[in-house]
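The values are calculated or read from the model by the stated rules, or taken from the named source; none is laboratory data. For clarity, every value in this text was computed on a predicted model and none was experimentally measured. Glycine also receives a Cβ, built like all others from the backbone with ideal geometry; neighbour counts cover every protein chain displayed. Accessible surface is based on the protein model in full, side chains and every heavy atom, while ligands, DNA and RNA are left aside. Shrake-Rupley method; radii C 1.70, N 1.55, O 1.52, S 1.80 Å.
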Amino acid sequence: MPKLFQSVLVLVALAAGLCGCGTVNEKLSAGMGDYVPQWAGGLPADAPPRPGTPQYDAYMKERERKRLMPAADREKEEQAQKGATGSTSGDAAR
């Protein structure tokens, strides 16, 4: 009987340990993903900010502003932004 009790106790302890690891990893992975480089599977450079941050609120306001803008104005703004970023990167490559 003591041998059976000892085996059950070990199994319960292992199960509790595995459950604890799952919750710790869930909480750590939410924050650690921000620090992993892109080449190692982290967030890409153009990923939107995380919800709950001030950058996220600004990002959502800008998105809403663009959504409410007429399509013709939106296209002009996008082309102007592409032209501004394209000219700087094109000059650097030459």
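For beta carbons closer than 8 Å, sequence separation of 6+ or different chains, a first residue in the range 49-61 that is within 14 Å of D34 (Cα to Cα) and a second that is in a helix (DSSP H, G or I), the qualifying pairs are P49/Q55; P49/Y56; P49/Y59; R50/Y56. Per the conditions (1) within 28 Å of the chain's Cα centre (by Cα); (2) modelled with pLDDT of 75 or more; (3) open to solvent by 80 Å² or more (accessible area, probe 1.4 Å), the sole criterion not satisfied by G41 is (3).
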